[in-house]
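Below is one structure; the comments refer to it alone.
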Amino acid sequence: MASVVVVGTQWGDEGKGKIVDLLTEYADYIVRFQGGNNAGHTLVVEGKKYIFHIIPSGILYKNKVCAIGNGVIIDPGVLLQEMAELNEKGLPVTPERLLISSNAHLIMPYHKNLDLAREASLAKGKKIGTTGRGIGPCYMDKVGRVGLKVGDLLDPSLFSDKLEAAVEEKNFILTKQFGAEPLEISAITDAFTNYAEQLAPFIGNVSITLDKARKAGQNILFEGAQGTQLDIDHGTYPFVTSSNTIAGNACIGSGFGPSHIDEVIGIVKAYTTRVGEGPFPTELPEGDEVGDALQAKGHEFGATTGRRRRCGWFDGVVANDAVRLNGLTGFAVTKLDVLSGLSTLKIATGYDVEGVKYDYMPENVFKAGQARPVYEDVPGWSEDITSVRAYEDLPQSAKDYLKKIEDVTGVAPAMVSVGPDREETLLLRNPFA
Ligand code: GDP
Ligand code: IMO
Ligand code: MG
């Protein structure tokens, strides 16, 4: 029996969906604990591609339970759309296969409008580059104690009381502050009455369910969204998302006790990407030959918004921050195949900020923006490695590159991914074993 947390170690899109799908084979429960449909987790199974934004990436296995914890924020329209798509593919999502916490908060239409209006109002250089899914405004309402929860869907009078107060306030802000259109309560009520009917059978208590599962000796897999540097407290604030993305939140966002977590696996791309604005010390900006090659070969376009992802070298400073903040027990190194064909690879082992050395991301965002990476060169390899399934069969330079990551961070890879498909993986150490 084990409880394993999987988190992103960089700025998201590290390949969490793929690794969670892979580890689901060994798990009984797969739990999302933060974020919303700003996430886009891609799974490729036997050449077939699936992208999940809100449903946990364990959903392709029919005999497992997926849970959406209290720390997640849910856009019910998006959730129902994902359920409908799975239904069409012959994988119906039943209440036996999906549990939604009644304490999870709802992303309301005004959250999306506020997100878009606020971003549009910000000057260049101040924009966050959000996904426009209403994430910031929804978490603001949660912390401000005026949010609507999934459980409120089951109590129409409570729901309409809270909605009325919220719409009055949001319409004031939308119209007066942003010059945007107000929203109609009746249209929201109609849509959410329909959502409530469809979602009611799925709503329950995730904390109690996970506690029972743990006591029954079952394996639990926690699926992080976004990445460590997008954490609201520990990331490159304000260029972050609005939730805690690090492993500690697996407990808070699902109601699971910290003493029951056995392993924390950090998903790390063999290079670095970032989508949206904000500091990125090892970035190889658009026009750079290597950066453009990584972007093209890695198909680095956002799974949620389709935006081009910024690309750069592997950043050991970012990896070390992730080791510390998440208490990582292992890495899953993804997209190693994308580096094939580059004669020399670079790994940042520190930063220089106006003559001052850093071995962590400076808390001050301007300093983070000025950080110049200190690189070590590592020889590359030319072979295509997508068909490799055993560590021994990797080219020596690829093994050396992995060893370098381990030396820089003190954490060994437990998995190495050499392609998007479930099969294209080297499982060196099973965290559930
Ligand atoms: P997530 O948000 O962390 O789940 O990652 P995304 O799904 O947004 O982005 C990762 C992308 O890389 C997806 O298109 C995956 O199919 C793909 N991918 C994952 N692992 C590998 C790998 O080892 N090699 C290659 N070439 N692609 C991969
Ligand atoms: P997954 O789970 C990459 C980024 C956005 C923006 C910032 C804030 O697929 O790794 P938000 O909409 O959350 O308020 O946007 O965070 N961002 C992500 N970047 N992967 C994600 O999720 C992301 N979720 C949010 O691009 O810069
Ligand atoms: Mg993604």
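The values are calculated or read from the model by the stated rules, or taken from the named source; none is laboratory data. Note that the structure is predicted; figures quoted are calculated from it, not measured. Cβ placement follows ideal geometry from the backbone for every residue including glycine, while neighbour counts extend to all protein chains displayed.
Among the residues making up the stretch 182-215, a single one is touching a helix residue (DSSP H, G or I) at 6+ places or on another chain (Cβ under 7 Å), part of a loop (DSSP other than H, G, I, E, B) and without any contact (Cβ under 8 Å) to a residue 60 or more places away in the chain: Pro182.
Which residue is nearest to ligand 3 (Cβ to nearest atom), if the candidates are limited to the stretch 1-14 and must be outside any strand (DSSP E or B) and under 9 Å from the mean Cα position of the chain (by Cα)? Talk me through it step by step, then tell me what you get.
Going through the stretch 1-14, the residues outside any strand (DSSP E or B) turn out to be 1-2, 9-14.
Now restrict to residues that are under 9 Å from the mean Cα position of the chain (by Cα): 11-14.
Values: Trp11: 10, Gly12: 6, Asp13: 4, Glu14: 8 Å.
The qualifying residue nearest to ligand 3 (Cβ to nearest atom) is Asp13.
Considering the stretch 311-336, the residues that are among the polar types (S, T, N, Q) and crowded, with 23+ Cβ neighbours inside 10 Å include one that is nearest to Asp359 (Cα to Cα), namely Asn326.
Let me confirm something: among Thr24, Thr42, Thr9, which residue is away from ligand 2 (no atom under 16 Å from the Cβ), hydroxyl-bearing (Ser, Thr, Tyr) and in contact with a Gly (Cβ under 8 Å, 6 or more places away or on another chain)?
Being away from ligand 2 (no atom under 16 Å from the Cβ), hydroxyl-bearing (Ser, Thr, Tyr) and in contact with a Gly (Cβ under 8 Å, 6 or more places away or on another chain) holds for just one of Thr24, Thr42, Thr9, which is Thr24.
Name the residue that is nearest to ligand 3 (Cβ to nearest atom), counting only residues in the stretch 216-265 that are aliphatic (A, V, I, L, M) and in a loop (DSSP other than H, G, I, E, B). Applying the filter and picking the extreme gives Ala225. Filter the stretch 219-245 down to the residues that are within 12 Å of ligand 1 (Cβ to nearest atom) and aliphatic (A, V, I, L, M) and list them by number. Hits for the stretch 219-245 are Ala225, Leu230. Quick one: would you say Leu221 is buried (at least 24 other Cβ atoms within 10 Å of the Cβ), of a type in the set (A, V, I, L, M), over 30 Å from Leu158 (Cβ atoms) and touching a residue at least 60 places away in the same chain (Cβ under 8 Å)? Criteria met by Leu221.
Among the residues of the stretch 89-105, none qualifies, meaning not one is part of a helix (DSSP H, G or I) and among the acidic types (Asp, Glu). The residue of the stretch 28-42 that is nearest to ligand 3 (Cβ to nearest atom), among those that are more than 26 Å from Pro137 (Cα to Cα) and crowded, with 24+ Cβ neighbours inside 10 Å, is Ile30.
Within the stretch 44-81, which residues are over 24 Å from Thr209 (Cα atoms) and hydroxyl-bearing (Ser, Thr, Tyr)?
The answer is Tyr50, and nothing else.
Report, by residue number, each residue of the stretch 366-396 that is in contact with a Ser or Thr (Cβ under 6 Å, 6 or more places away or on another chain), touching a residue at least 60 places away in the same chain (Cβ under 8 Å) and outside any strand (DSSP E or B). Passing the criteria: only Ala368.
Would you please name the residue that is farthest from Val365 (Cα to Cα), looking only at residues in the stretch 271-296 that are part of a strand (DSSP E or B) and within 12 Å of ligand 3 (Cβ to nearest atom)? Lay out the reasoning, then the answer.
Taking the stretch 271-296 and keeping what is part of a strand (DSSP E or B), we get 272-274, 283.
Next, only the ones that are within 12 Å of ligand 3 (Cβ to nearest atom) stay: 273-274.
Values: Thr273: 18, Arg274: 16 Å.
This residue is Thr273.
Here Ile252 passes the criteria (1) of a type in the set (A, V, I, L, M); (2) more than 16 Å from ligand 1 (Cβ to nearest atom); (3) touching a strand residue (DSSP E or B) at 6+ places or on another chain (Cβ under 8 Å) except the one numbered (3). Checking the stretch 46-54 against the condition returns a match, with at least one residue being modelled with pLDDT of 95 or more, surrounded by 21 or more Cβ atoms within 10 Å (Cβ to Cβ) and either more than 16 Å from ligand 3 (Cβ to nearest atom) or assigned to a loop (DSSP other than H, G, I, E, B) (or both). Scanning the stretch 297-353 for residues that are farther than 24 Å from Ser387 by Cα, polar (S, T, N, Q) and in a strand (DSSP E or B) yields a single hit, Thr349.
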